[in-house]
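Scroll down for the structure; my scribbles are underneath it.
The values are calculated or read from the model by the stated rules, or taken from the named source; none is laboratory data. This one's a predicted model, so the numbers in the text were calculated from it and none came from an experiment. FYI the Cβ positions are ideal-geometry reconstructions off the backbone, even for glycines, and counts take in every protein chain you see. To get the accessible areas, we keep the full protein, side chains included, count just its heavy atoms, and leave off ligands, DNA and RNA. Shrake-Rupley method; radii C 1.70, N 1.55, O 1.52, S 1.80 Å.
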Amino acid sequence: GEPLCRSQKLMLQGGLIHPASPGCYCYLPPAVRAMEKLVKVMDEEMQAVGGQKLNMPSLSSAELWRASGRWDQMGPELFRLADRHGKGYCLGPTHEEAVTELVAAHSNLSYKQLPLRLYQVTRKFRDEPKPRFGLLRSREFYMKDMYTFDASEEAARQTYDLVCGAYCSLFDRLGLPFVKVRAATGSIGGTMSHEFQLPADVGEDRLVLCPEGHFAANVETLNGEQTSCPTCGEKLTQTKGIEVGHTFYLGTKYSSVSNAVFLSPENKLHLAEMGCYGLGVTRILAASIEVLSTEDSIRWPSLIAPYQLCFIPPKRGSKEDEEGTALLEQAYDNLAEALPHLARDSVLDDRTQLTIGKRLKDANKLGYPYVVIAGKRVREDPPVFEVWNQNASEVLFLTKEGVIELLSKVQVP
């Protein structure tokens, strides 16, 4: 009986996700392909700022969380469980305690080994009281989380700016209309925090923005009703947003608990200055569909579309059947030779018992950026294919060479 938002409805009807239990979904093959591409782009951005990838357990010891004070502070959001010996654990919603303990265990760390920028992409768990809107608010989700360790506050703040820059670069590459806003630090803590938000009607965060771009904040950070921009005095506009990324400057909040220290040039022990940075992988998938799609057709950021290309041969028994099917196969072979990276990113809709129109409608729903059709004009000399460029909302009539030239600009991560 829950109201469905656009992305949830489109992902369910397109066979991208399947509900398993409240707030938990099976990700079906097209969704997994899109997610793997998104993670690849994230890897590129994280490694460009010196990130090293690791993997930490989802099961986290209650002792670690008690030491940081978050075992009680997090309340019912934590999924808690005990093993057969009665030892307490939680399913990690985030990994500050675990990563700080890991770094603290390497007690002979030198300032020469800093900064450390460690990240992972894993399943996270949060006992949402009301999971809704599909992958936008779920109980089990994928997140990219990075944890940084620096030798001084100044260096940690430089790292903070660097990672925020990588997040901006990621959203720019995806072509998503994001805003970076001042945010509250909440249960993670620290002294500075920003959210990366996609403005959308179903968003659960309320944002205030300066129309000139001087100021942007989550309403929860404001004291009282702030109505004008502190920089230029312009009236602030209000909008709703979907949070897709969050960054925190933590200082020594966690390193002081686990004693994560390093040796300075003077051979003195100092606590590492930390930051943490999260991107919601599955939430970005859903949020990008939410903000880019039409009511009945998925539109992907083209970089992460599950498949770039759908080939539609003629209907069985039509005038174009034999000739069109052979020409389409030949076009595919030429494409695979000229652009081998696209060969793995192509789908042939061989349900030739259906009309071209019905298959085109399905292709539209699933959001292939390009659809190549062998229609009536394949019988011309030279043969002409109908090409739908979905993201530009245009239909082109191109020869085989024209199709290959058009697709040569397509990027696949």
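When the stretch 144-169 is filtered for residues that are in contact with a Gly (Cβ under 8 Å, 6 or more places away or on another chain) and either at pLDDT below 95 or crowded, with 19+ Cβ neighbours inside 10 Å (or both), the ones remaining, listed by number, are K144, D145, M146, Y147, T148, D150, A156, T159, Y160, V163, Y167. Every condition in (1) part of a strand (DSSP E or B); (2) surrounded by fewer than 22 Cβ atoms within 10 Å (Cβ to Cβ); (3) not aliphatic (A, V, I, L, M) holds for R316 except the one numbered (1).
The number of residues in the stretch 109-119 that are of a type in the set (D, E, K, R) and in a helix (DSSP H, G or I) comes to 1.
Of all residues in the stretch 330-359, those that are farther than 21 Å from E36 by Cα, open to solvent by 40 Å² or more (accessible area, probe 1.4 Å) and under 32 Å from the mean Cα position of the chain (by Cα) total 6.
Let's see how each residue does on (1) outside any helix (DSSP H, G or I); (2) assigned by the TED database to the domain that holds D150; (3) modelled with pLDDT of 95 or more:
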position	(1), (2), (3)
R66	no, yes, yes
W71	no, yes, yes
L81	yes, yes, yes
G86	yes, yes, yes
C90	yes, yes, yes
P93	yes, yes, yes
E97	no, yes, yes
L102	no, yes, yes
S107	yes, yes, no
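Screening L279 on (1) assigned by the TED database to the domain that holds L198; (2) without any contact (Cβ under 8 Å) to a residue 24 or more places away in the chain shows it passes everything except condition (2). For G251, the criteria (1) open to solvent by less than 40 Å² (accessible area, probe 1.4 Å); (2) at pLDDT below 95 hold in every case but one, which is (2).
Filtering T159, T122 for residues that are over 13 Å from S60 (Cβ atoms), of a type in the set (V, I, T), assigned by the TED database to the domain that holds I242 and not in a loop (DSSP other than H, G, I, E, B) leaves a single hit, T159. Evaluated against (1) assigned to a helix (DSSP H, G or I); (2) of a type in the set (D, E, K, R); (3) without any contact (Cβ under 8 Å) to a residue 12 or more places away in the chain, E266 falls short on exactly one condition, (1).
Taking each residue of the stretch 372-385 that is assigned to a loop (DSSP other than H, G, I, E, B) and looking for partners that are small (G, A, S) with beta-carbon atoms closer than 9 Å, six or more apart or interchain, yields A374/G324; A374/A331; G375/G324; P383/G324; P383/A331; P383/A374; V384/G375; V384/G402. Of the residues E405, E323, the single one that is part of a helix (DSSP H, G or I), open to solvent by 80 Å² or more (accessible area, probe 1.4 Å) and modelled with pLDDT of 95 or more is E405.
Selection of the stretch 196-208 for residues being under 23 Å from the mean Cα position of the chain (by Cα) and in a strand (DSSP E or B) yields F196, Q197, L198, P199, D205, R206, L207. Here L354 qualifies as in contact with a helix residue (DSSP H, G or I) (Cβ under 9 Å, 6 or more places away or on another chain) and not assigned by the TED database to the domain that holds P131. Given the structure, is F141 among the hydrophobic types (A, V, I, L, M, F, W, C), open to solvent by less than 30 Å² (accessible area, probe 1.4 Å), in a strand (DSSP E or B) and over 21 Å from L207 (Cα atoms)? Here the answer is yes, as F141 does meet what is asked.
The C-beta contact set for the stretch 112-135 (first residue touching a residue at least 12 places away in the same chain (Cβ under 8 Å) and more than 21 Å from V163 (Cα to Cα), second residue open to solvent by 30 Å² or more (accessible area, probe 1.4 Å) and β-branched (V, I, T), distance under 7 angstrom, 6+ apart or interchain) comprises F133/V202.
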